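Student: Mind having a look at this structure? Questions to follow.
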Amino acid sequence: MSNQSPLKVASLGLQHVLAMYAGAIVIPLIVGGALGLTAAQLTYLVSIDILMCGIATLLQVWKNKFFGIGLPVVLGCTFTAVSPMIAIGTQYGINSIYGSILVSGLIVVLISKFFGKLARFFPPIVTGSVVLIIGITLIPVAINNLGGGQGAEDFGDLTNVALGFGTLLFIIFMYKFSTGFVRSISILLGLLVGTLVAFFLGKVDFSSVVNATWLHMPHFFYFGLPTFNITPIITMTLVAIVSLVESTGVYYALGEITEKEISEDDLARGYRAEGLAIMIGGLFNAFPYTAFSQNVGLIQLSGIKTRNVIYTTAGILIFIGFVPKIGAFTTIIPSSVLGGAMVAMFGMVVAAGIKMLSKVDFASQENLLIIACSVGMGLGVTVVPELFAQIPQSFQILTENGIVAGSLTAIFLNIIFNIIPTKGKVKQAGLQGQKAA
């Protein structure tokens, strides 16, 4: 990279920041908004989130004996965690979110050495079903925001609906008529244009920006000491495992792009870095992290594969994270504009689940049954949570959350149909072996 000027390195680093920025800021805005946080709390949440994205990225890019895969990977908040965090925060309180994040991060660190071997329990049939369930349960959050925010006095107001759909249409047009980098930041541009239109309609309040300080230091347990409840811990551990599976795909994609062989030790260091990032985020009240695939696309587009660009990206994120004034600007985005962008983003989560499932053999009736039962169970428990109200409290751990119920159904049925050999499959394998001989 010696032939690259510092200015070019800085501009490429900034490009990576812009590509992941909308995905990174929108998660604290959605979760904080759903939990009714104040403007000051939202500003902290956005700032600390961006700061921790930078630190998490550094942990992953800096390869050493204990952690870091050493590939040009950018870490950001995982969308997979949004719906579970809202459910946990609503039922158990915000401190339970951070207790479960801390424990899930620790579990990831502990299983990092063995996760490559555990991956057989999380093939595309399982991860695809889980991501699909999460995406489907997020759509109502997007639609509520599009209408102006759940419980808002002007919910469903035509101005809100027009702003929401206008933002969504703008994002769709950007995808249709732009290419390359502009296309990769179309959601960010949609949020900017939607907010600008909302400003002229008198729907933007700048008080949070005015009141925000220029510099702040991260706080340990900003929202108070974490609390530890078993259901949220199971939920966030499942989310972390799905994120590890997603990250594994990113690691292999980057290994191919950079022409580097990914060993089992590399994977373990990558998983360990991710677990550490999740734990550090939990200490400062940020969110769980995963490798961002949109930045892989950017590396392919730019053709620049070296790590110092990503070090620059991490440095920019850390700088922005220390300046709440910048973070506060994101909190002025009206709910309806955010809702319009969310329809596209959460729809993409559903699409990502379908894409994962596209690797599955649909000719197999067993696989169809796994998807049918896990998605049906996950959605059913989400819509009718009181279904299992009469069963013993200890069993409700597995049934009170749709994502846990759906995920465990997928894991259990995959073990039954695809891991435990059945007579028919053993016989078929034997016949194939005889033919080969």
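The values are calculated or read from the model by the stated rules, or taken from the named source; none is laboratory data. Note that the structure is a prediction, hence the values are computed from the model and not measured. Here the Cβ is made from the backbone with ideal geometry for all residues, glycine too, and neighbour counts use every protein chain on show. Surface areas here come from the heavy atoms of the whole protein model, side chains and all, with no ligands, DNA or RNA. Shrake-Rupley method; radii C 1.70, N 1.55, O 1.52, S 1.80 Å.
Student: Dipole magnitude of the chain about its Cα centre, charges +1 at Lys/Arg Cβ and -1 at Asp/Glu Cβ only, in debye to the nearest 20?
Tutor: Around 1160 debye, computed over the chain.
Student: Between residue 179 and residue 200, with labels modelled 7 Å along Cα→Cβ, what's the label distance in nm to one decimal, could you check?
Tutor: So the label points at residue 179 and residue 200 sit 3.0 nm apart.
Student: Would you please give the FRET efficiency between residue 172 and residue 359, computed as 1/(1 + (r/R0)^6) with r the Cβ-Cβ distance and R0 = 25 Å, to the nearest 0.05?
Tutor: Step by step, r from the Cβ atoms, then E = 0.40.
Student: Evaluate E = 1/(1 + (r/R0)^6) for residue 389 and residue 154, where r is the Cβ-Cβ distance and R0 equals 41 Å; express this FRET efficiency to the nearest 0.05.
Tutor: E(calc), rounded to 0.05, equals 0.75.
Student: Please list 3J(HN,Hα) in residue order for region 47-63, calculated via the Karplus relation 6.51 cos²θ - 1.76 cosθ + 1.60 where θ = phi - 60°; whole Hz, with x for glycine and proline.
Tutor: Whole-Hz 3J(HN,Hα) from phi for region 47-63: 5, 5, 5, 5, 4, 6, 4, x, 5, 4, 5, 4, 4, 7, 7, 7, 7.
Student: Peptides 89-100, 344-355: what's the order by average Cβ count within 10 Å, highest mean first?
Tutor: Order by mean packing, descending: 89-100, 344-355.
Student: How many lysine pairs are close in region 6-359, with Cα atoms under 23 Å apart and the two 8 or more places apart or on different chains?
Tutor: 15
Student: What does the accessible area per residue of the chain come to in Å², with a 1.4 Å probe and no ligands, DNA or RNA counted?
Tutor: Each residue of the chain exposes 45 Å² on average to a 1.4 Å probe.
Student: Considering only protein heavy atoms and a probe of 1.4 Å, how much of the accessible area of region 6-359 is carbon and sulfur, as a whole percent?
Tutor: Here carbon and sulfur together make up 69 percent of the probe-accessible area.
Student: What are the ³J(HN,Hα) couplings of region 83-88, residue after residue, when phi is run through the Karplus curve with 6.51, -1.76, 1.60 and θ = phi - 60°? Round to Hz, x for glycine and proline.
Tutor: Per residue, the Karplus-derived 3J(HN,Hα) values read 4, x, 5, 5, 4, 5 Hz.
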